[in-house]
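Worksheet: one structure, shown below.
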Amino acid sequence: MKMVPKNTICLWYEGAALDAARFYAETFPDSAVGKVLHAPGDYPAGKQGDVLTVEFTVIGIPCLGLNGGPAFKHNESFSFQVATDDQAETDRLWNAIVGNGGQESACGWCKDKWGLSWQITPRALTDAIADPDRAAAKRAFEAMMQMRKIDIAAIEAARRG
């Protein structure tokens, strides 16, 4: 029997935890769907036999999807921040999330169709805004503030001045 991790992020869904877990497993590296627990009895958000919880990992992070019903919604106070290595990876992940019923936001943020927030953050952006040359960092930061999906070439051009 596989032991439950000591610390697991529990994410609340309105009946779509398994769909979400499958999407994450198909989209992100080092991600998988684990054990699915069906409700042993009726509960406020469902009936006996419905999917109650889904164990899954997202880029190595253990998660539990709970089909808790409509009482609580995801918001930007929690997000997954995914460091990308190049524009191709940035585009692939961004487009997968937004193109699957999600929505764009600002500065590399987007939401999946279940309302969970993601920061698709190129390492080049993180490096640029941490540049010891504070003027270069400011230029890169100001460029980022105008973007939705991060454009690495534009960030690097702004950094160079």
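The values are calculated or read from the model by the stated rules, or taken from the named source; none is laboratory data. All figures in this text were calculated on a predicted structure; none of them were measured in a lab. All Cβ positions, glycine included, derive from the backbone under ideal geometry; neighbour counts span all protein chains shown.
One table, with the values for the structure above:
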| item | result |
| --- | --- |
| Selection count, the range 34-72, where residues are under 22 Å from the mean Cα position of the chain (by Cα), of a type in the set (G, A, S) and part of a strand (DSSP E or B) | 2 |
| Test: A128 is assigned to a helix (DSSP H, G or I) and surrounded by fewer than 14 Cβ atoms within 10 Å (Cβ to Cβ) | no |
| So C63, is it free of Cβ contacts under 8 Å to residues at least 40 places away in the same chain and surrounded by 19 or more Cβ atoms within 10 Å (Cβ to Cβ) | no |
| Candidates A39, A20 - the one that is in contact (Cβ under 8 Å) with a residue 60 or more places away in the chain and surrounded by 11 or more Cβ atoms within 10 Å (Cβ to Cβ) | A20 |
| Any chance Y43 is over 30 Å from E142 (Cβ atoms) and at pLDDT below 95 | yes |
| Pairs with Cβ under 8 Å, 6+ apart, first in the range 98-125 and outside the structural domain of I59 (by TED's automatic domain parsing) and at negative phi, second assigned to a strand (DSSP E or B) and of a type in the set (D, E) | V98/E104; C110/E104 |
| Considering residues of the range 142-161 that are out of contact with any Cys (no Cβ under 7 Å at 6 or more places or on another chain) and either closer than 17 Å to A83 by Cβ or touching a residue at least 60 places away in the same chain (Cβ under 8 Å) (or both) only, the residue surrounded by the fewest Cβ atoms within 10 Å (Cβ to Cβ) | A153 |
